[in-house]
Every structure is written in C-alpha cells, then in structure tokens.
1. Among residues other than residue 49 whose Cβ falls under 13 Å from its Cβ, what is the net charge (Lys/Arg +1, Asp/Glu -1)?
2. Of the listed peptides 50-59, 71-80, what is their order by residue-averaged count of other C-beta atoms within 10 Å, with the highest listed first?
3. Obtain the nm distance between the two label points defined at residue 27 and residue 58 by a simple spin-label model: each point lies 7 Å from its Cα along the Cα-to-C-beta direction.
Amino acid sequence: RTGSVSSGAVQPTWVPFGSTVAHRRRLRFALDVYDSTWSSRRHQPTYSLGELINIEASVSTSPDLRVFVDECVASPSAAARPKYKVIADNG
C-alpha cells in the first residue's frame, strides 16, 4: 500500500426521502376514516373520546410508497389546546 489508510469505517449519510423528492414533484397525503367493517369511508364522522377509529393513511405516488404514522393528534387548530392523541407510540 502507498499513502494513508484509515481504519475508520465509512458512515452512510442519511437523506430523508421527502427532501429529495419535494423538488421534483408534489406528494399528496391523505387520512381517510372508515366504518367498523372497513368497507366504506365515513365522510363526516363524529367520535367519542376512547372510541375506536379506523384510519387509513396513504400517499399517491409512482413508484408506490408506504406511509408510516408515528403520531396523530386532534385539536381545534394546530396551536390549540387540548390535543387528543389519535395515534400514538409509533402507530
């Protein structure tokens, strides 16, 4: 060997997918609420605190992507309190 050789491992650089795609096209995300049988969408659902909600998260793209929802809260507005956890603990 000639020159300097390092024993340090090469560390990959993580680039979030969203930041690499946002410049090329827009992604359309959706959260849809379904009835208890998952057969039809509920268009104006009303739920009580603690009631089970069937939620589908999706993104329309090509190629297909999967959506992972870590957390979702319900509140009157983004800055308002109280906030009720709808999805918690990484889904």
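1. +1
2. Put in order of decreasing packing, that is 50-59, 71-80.
3. According to this spin-label approximation, the distance is 1.6 nm.
Taken together, the values in this text are just the output of simple stated rules run on the coordinates, not laboratory data. Keep in mind that this is a model prediction, so the values were computed, not measured. Note that each Cβ is placed from the backbone with ideal geometry, even for glycine, and that neighbours are counted across all protein chains shown.
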